[in-house]
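Values quoted throughout were computed directly from the atomic coordinates according to the rules given, and no laboratory measurement underlies them. Fair warning: this is a prediction, and the values are worked out from it, not measured in the lab. Using ideal geometry, Cβ is built from the backbone for each residue, glycine included, and neighbour counts are taken over all protein chains shown.
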Amino acid sequence: MSTTREQLLEIYRILLDSFGPQHWWPGETPFEVAVGAILTQNTSWTNVEKAIANLKKVGCLDAARLHALDMADLEKLIRPAGYFRVKAKRLRNFIDWLCDNYGGDLRNLEGIGAARLREELLSISGIGPETADSILLYALNCPIFVVDAYTARVMVRHHLIAPELDYRQLQDLFMSNLEPDVAFFNEFHALLVRLGKDYCKPTPRCPVCPLERLPHTIDIERD
């Protein structure tokens, strides 16, 4: 029986061979990536792109300018991302934290440990574990593995975790079995999302799934 580490690496190899590099996270600057991580909650990336494009048009994809922006104007600009009132509050909370504590510049976070940054991000109202870890990995280049519903679904169906495991336990499956590498964690998570969207859906497409060839894949339950 292969080890968990070997199984995870085999999944990665198969997905990379099948899909190729995913080039995540789309964004021209770390700040844009952080904003996108907040706006993408409960919506598609296509909608987030529209909201970010609106911010760029008015020159507000900048912490200081967003900090000074009227809340009603912010809501209007990010409306395409959905739940715009809730997300405007969450984005403003993040901007307030960044401006009040770090001069509105993500570069001022350099040298601060990932554990402390994660704790601070989670203290911001509206920032949960997945969003905090996305900011840490994709915007701040911290070797933190991001997990989500797609990750959980794939791992459960391939018998690598129990269905009742929480976010931290699922994250530990990767963090405790793989070397901490930013580029690798980035690509692996992106590949799992691609798999979840295209194949490992609530009603799975197992016969055509790239992972169907895995030797340890047996009796995968259909939802």
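Semi-axes of the equivalent ellipsoid of segment 50-178: what are they in whole Å, largest first, if each equals the square root of 5 times a C-alpha gyration tensor eigenvalue? Write out the running numbers ahead of the final one.
Details: eigenvalues 186, 69, 27 Å².
Ellipsoid half-lengths, sorted descending, are 31, 19, 12 Å.
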Using alpha-carbon coordinates, inclination of helix 4-19 to the longest axis of the chain, degrees: 70
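First measure r as the distance between the Cβ atoms of THR3 and TRP45, then evaluate 1/(1 + (r/R0)^6) with R0 = 41 Å and state the FRET efficiency to the nearest 0.05. Walk me through the numbers before you get to the answer.
On the way: r = 34 Å, r/R0 = 0.83.
With R0 = 41 Å, the Cβ-Cβ based efficiency is 0.75.
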May I ask for the angle, rounded to the nearest 10°, between helix 84-102 and the longest principal axis of the chain, with both axes built from Cα atoms and the value confined to 0 to 90°? 70
Tell me, what HN-Hα J-couplings in whole Hz come from the Karplus equation 6.51 cos²θ - 1.76 cosθ + 1.60 at θ = phi - 60° for each residue of segment 28-40, using x for Gly and Pro? 7, 9, x, 5, 4, 5, 5, 4, x, 5, 7, 6, 7
Using a 10 angstrom cutoff on alpha carbons, build the Gaussian network for the chain and name the most mobile of ASP148, ASP166, ASP133. ASP166
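In a shell of Cβ-Cβ distance under 12 Å around SER134, excluding SER134 itself, what net charge do Lys and Arg (+1) and Asp and Glu (-1) give?
Working: positive: ARG118; negative: GLU130, ASP133, ASP148.
So the environment of SER134 carries a net charge of -2.
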For the charge dipole of the chain, defined by +1 on Lys and Arg C-beta atoms and -1 on Asp and Glu C-beta atoms about the Cα centroid, which residue among GLN22, ALA68, TYR150 has the Cα displaced farthest towards the positive pole? ALA68
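Given only helices, namely DSSP H runs of n ≥ 4 each adding -39500 (n - 2.57), what is the per-residue ellipticity at 222 nm of the chain, to the nearest 500 deg cm²/dmol? Don't jump to the answer; show the numbers that get you there.
Numbers: 11 runs with 121 residues, N = 223.
That calculation yields -16500 deg cm²/dmol at 222 nm.
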Where in segment 158-197 does the amide nitrogen come within less than 18 Å of the point 7 Å from the Cα of SER18, taken along Cα to Cβ? 158-161, 187-197
Classified through the alpha carbon gyration tensor (a ≥ b ≥ c as square roots of its eigenvalues; rounded if a/c is under 1.5, else prolate when a/b is larger than b/c, else oblate), segment 21-91 comes out oblate
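Exposed loop GluC sites (Glu not before Pro) only (DSSP loop, at most 12 other Cβ atoms within 10 Å): please give the longest stretch of the chain free of them, not including the sites.
Details: sites that count: GLU28, GLU110, GLU164, GLU221.
Between the exposed loop sites, the longest stretch runs 29-109.
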Could you give each residue of segment 64-77 its phi-based ³J(HN,Hα) in whole Hz, using Karplus coefficients 6.51, -1.76, 1.60 with θ = phi - 60°, and x for Gly or Pro? 5, 6, 5, 4, 8, 6, 4, 4, 5, 5, 5, 4, 5, 5
Give me the distance in nm between label points sitting 7 Å out from Cα along the Cα-to-Cβ direction at ASN177 and ARG85, one decimal. 4.4
Under 20 Å by backbone N from the virtual spin label 7 Å along Cα-to-Cβ at ASP105, the residues of segment 28-67 are 28-35, 60-67
Could you list log10 I(q)/I(0) for the chain at q = 0.15 Å⁻¹, which the Debye formula gives when each Cα is one point scatterer? -1.00
